[in-house]
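Contents: one structure, followed by commentary.
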Amino acid sequence: MSTQRIVVTGIGASSPIGGTAPDSWSALLAGASGARTLEYDWVEKYQLPVTFAAQAAVRPDTVLARPVAKRLDPSSQFALVAAMEAWEDAGSPEVDPDRLGVDFATGIGGLWTLLDAWDTLREKGPRRVLPMTVPMLMPNAAAGNLSLHFGARAYARTVASACASSTESIVNAVEHLRDGLADVVIAGGTESVIHPITISSFASMQALSKRNDDPATASRPASIDRDGFVMGEGAGVLILETEEHAKARGAKIYAAVVGGGVTADSYHITANDPAGTGAARAVRLALESAGASPDDVTHINAHATSTPVGDPNEYVALKTVFGDRIGDIPVSATKASTGHLLGGTGALEAIFTVLALQNRVAPPTINITTQDPEVPFRLSGSPEPLGAGDQLAISNSFGFGGHNAVAAFASV
């Protein structure tokens with residue numbers, strides 16, 4: 001593998017707090033919350049214990065042409081909307097199709113398509129099940145459709161490692177670019193599973209906040225009174241390319257992706273290791289591949305889902321790596337604003353990390369009433385300026401199955 005520097009030249013996002021990356025960033029800095037009450041008849045029909053979520057601010061089928069939207073599951077719709085924005089933001093690079101790759105991710109895939117088709121089968125019979133059902137529901141549908149839309153022929157790969165998925169795809173993209181498999185890669189992740197099945201399941205395992213009377217403040221990472229995460233949806237996309245390729249075409253550069261680490265806990269299918277061993281190792285691998293040390297890190301976007309167990313475990317992992325210095329590093333827990341996008345969350349938070357470096361500001365963490373002494377991150381309820389010198393940030397993602405993925409970014 002070469003040591004070529006990999007840079008970010010385009011970003012796109014469809015999130016619960018904005019229909020684009022700039023809108024999402026502005027709302028994040030303003031302390032907005034994307035969580036709100038769900039206005040669907042199925043909430044009452046099934047008597048769901050959780051009646052709110054962080055739905056996307058802009059529905060993707062209102063952005064895409066109707067014929068395009070109809071043949072895509074919502075997860076692929078979000079992916080395409082975010083990718084189109086990122087591609088345009090990158091200047092619509094002219095690249096040999098054989099040198100354009102797709103590294104994409106989802107945690108669950110086309111859940112709405114699958115369950116709608118099951119309802120159709122039960123109620124109307126097999127002849128009414130749409131022929132495009134499988135191509136719409138398959139986990140690789142987003143990657144495949146992005147490859148088709150942009151003419152990417154180098155490869156189109158999919159990662160499904162739960163909530164670590166899209167960070168892992170970004171790490172993979174860096175490796176693929178350094179290995180010479182492509183000159184430009186469309187990387188990121190997507191998710192759209194705010195559905196009675198997932199809400200019921202997560203609620204049954206006591207993972208979701210049940211603050212039905214106050215959705216906007218329900219996601220409160222590191223707060224002593226946190227009671228679970230808030231489901232979100234959307235997609236984040238980054239256009240990555242070798243620095244040589246980017247400079248040759250005169251592209252603007254947001255930041256560099258300088259390293260990544262991927263590990264597994266092998267501890268429990270849903271709970272992360274309370275010792276934080278796997279997560280800490282992923283952070284160390286990311287820094288080692290970046291040629292950096294823990295002392296170089298100036299900002300962290302934490303996974304910080306707002307679950308009673310997950311937040312302290314992440315602190316333990318980071319304390320293992322950074323020691324007492326963890327108390328001096330500005331940390332942002334942006335799920336307080338966006339909710340948890342599952343397979344799309346890492347890509348969205350990577351975008352926030354890139355913009356934090358570019359704008360020299362750590363985004364605020366909202367909704368903390370009293371910070372838990374077991375999670376003493378340096379968090380701020382307002383944007384916190386970063387220094388003027390070189391900046392190095394990491395973005396953490398951890399998922400069911402014991403997946404850990406960490407990406408490291410540097411200012412340019």
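The values are calculated or read from the model by the stated rules, or taken from the named source; none is laboratory data. Keep in mind it's a predicted model, so treat the numbers as computed, not measured. Cβ atoms come from the backbone with ideal geometry, glycine included; neighbour counts cover every protein chain shown. Quick note on the areas: whole protein, heavy atoms, side chains included, nothing else; ligands and nucleic acids left out. Shrake-Rupley method; radii C 1.70, N 1.55, O 1.52, S 1.80 Å.
Observations on the structure shown:
- For the criterion of being open to solvent by 10 Å² or more (accessible area, probe 1.4 Å), over 30 Å from S192 (Cβ atoms) and in contact with a helix residue (DSSP H, G or I) (Cβ under 8 Å, 6 or more places away or on another chain), D372 passes.
The rows are residues; the columns are (1) open to solvent by less than 20 Å² (accessible area, probe 1.4 Å); (2) at negative phi.
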position	(1), (2)
E243	no, yes
G250	no, no
A264	no, yes
R284	no, yes
L287	yes, yes
A292	no, yes
P312	yes, yes
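Here is a yes/no grid of residues against (1) surrounded by fewer than 18 Cβ atoms within 10 Å (Cβ to Cβ); (2) in contact with a helix residue (DSSP H, G or I) (Cβ under 7 Å, 6 or more places away or on another chain); (3) modelled with pLDDT under 95:
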{"residue": "A156", "(1), (2), (3)": "no, yes, no"}
{"residue": "S161", "(1), (2), (3)": "no, yes, no"}
{"residue": "L177", "(1), (2), (3)": "no, no, no"}
{"residue": "V185", "(1), (2), (3)": "no, yes, no"}
{"residue": "H195", "(1), (2), (3)": "no, yes, no"}
{"residue": "S201", "(1), (2), (3)": "yes, no, no"}
{"residue": "A216", "(1), (2), (3)": "no, no, no"}
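- Among residues of region 129-146 that are crowded, with 23+ Cβ neighbours inside 10 Å, those with a Cβ under 6 angstrom from a residue that is aliphatic (A, V, I, L, M), sequence gap 6+ or separate chain, pair up as A142/A79; A143/V102; A143/A156; L146/A83; L146/V102; L146/I186.
- Note on region 152-208: among residues that are part of a loop (DSSP other than H, G, I, E, B) and within 21 Å of the chain's Cα centre (by Cα), the one that is farthest from A141 (Cα to Cα) is A207.
- Candidates A271, A292: the one that is over 23 Å from the mean Cα position of the chain (by Cα), part of a loop (DSSP other than H, G, I, E, B) and small (G, A, S) is A292.
Let's see how each residue does on (1) more than 18 Å from K70 (Cβ to Cβ); (2) at pLDDT 95 or above; (3) within 29 Å of the chain's Cα centre (by Cα); (4) not in a helix (DSSP H, G or I):
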position: D98; (1), (2), (3), (4): yes, yes, yes, no
position: V102; (1), (2), (3), (4): yes, yes, yes, yes
position: T113; (1), (2), (3), (4): no, yes, yes, no
position: A117; (1), (2), (3), (4): no, yes, yes, no
position: R122; (1), (2), (3), (4): yes, yes, no, no
position: R127; (1), (2), (3), (4): yes, yes, no, no
position: P135; (1), (2), (3), (4): no, yes, yes, no
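- Criterion (under 26 Å from I11 (Cα atoms) and among the acidic types (D, E)) met by exactly one of E123, E85: E85
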